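J.: Below are the structure tokens for one structure; questions will follow.
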Amino acid sequence: QVQLVESGGGLVQPGGSLRLSCVVSGRTFSRYTMGWFRQAPGKEREFVAAIRFSGDITFYGDSVKDRFTISRDNAKNTVYLQMNSLKPEDTAVYYCGAKMGYYSRSYFEYDYWGQGTQVTVSS
């Protein structure tokens, strides 16, 4: 069984930064493509970023490109999301997901999910 646990969310002012972490249990972490998604109240889950199992290729949603950076440490079974220049519209619950195979922007293609961490951007 694969379990994902996110952390690092919180309240931050516009223009600030946060770093989210997602620790994955299990010995096959290095084989998973990892993705970050977010969901604001009343909205669908939105693709934020994804990283290939090897960590050499990354993908970003248009709304976060050039502000967010996804990375992973396979030795620590952890994927990160560095968020800079945060805006109020970044406010959402952030989820990490895991899937085998190629990356996807579709949340329903991910097999495992964490419980989410709240990010609130407000002055």
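J.: At a threshold of 8 angstrom on Cα-Cα distance, excluding pairs fewer than six apart, so keeping six or more, what relative contact order does the chain reach in percent?
T.: That works out to 36 percent.
J.: Sorted by packing (mean other beta-carbon atoms within 10 Å per residue), highest first, where do 25-32, 95-102 land?
T.: The packing order, highest mean first, is 95-102, 25-32.
J.: Is there a quick way to get the dipole size of the chain? I mean about its Cα centre, with the Cβ of Lys and Arg at +1 and of Asp and Glu at -1; what is the value in debye to the nearest 20?
T.: Roughly 220 debye for the chain.
J.: Then there is this: Given the options Leu20, Leu86, Leu11, state which has the largest fluctuation in a GNM of the chain using a 10 Å cut-off (strictly under) for Cα springs.
T.: Leu11
Read-outs: derived from the displayed coordinates by stated rules, not from any lab. Being a predicted model, the structure only gives us computed values, none of them experimental. Note that each Cβ is placed from the backbone with ideal geometry, even for glycine, and that neighbours are counted across all protein chains shown.
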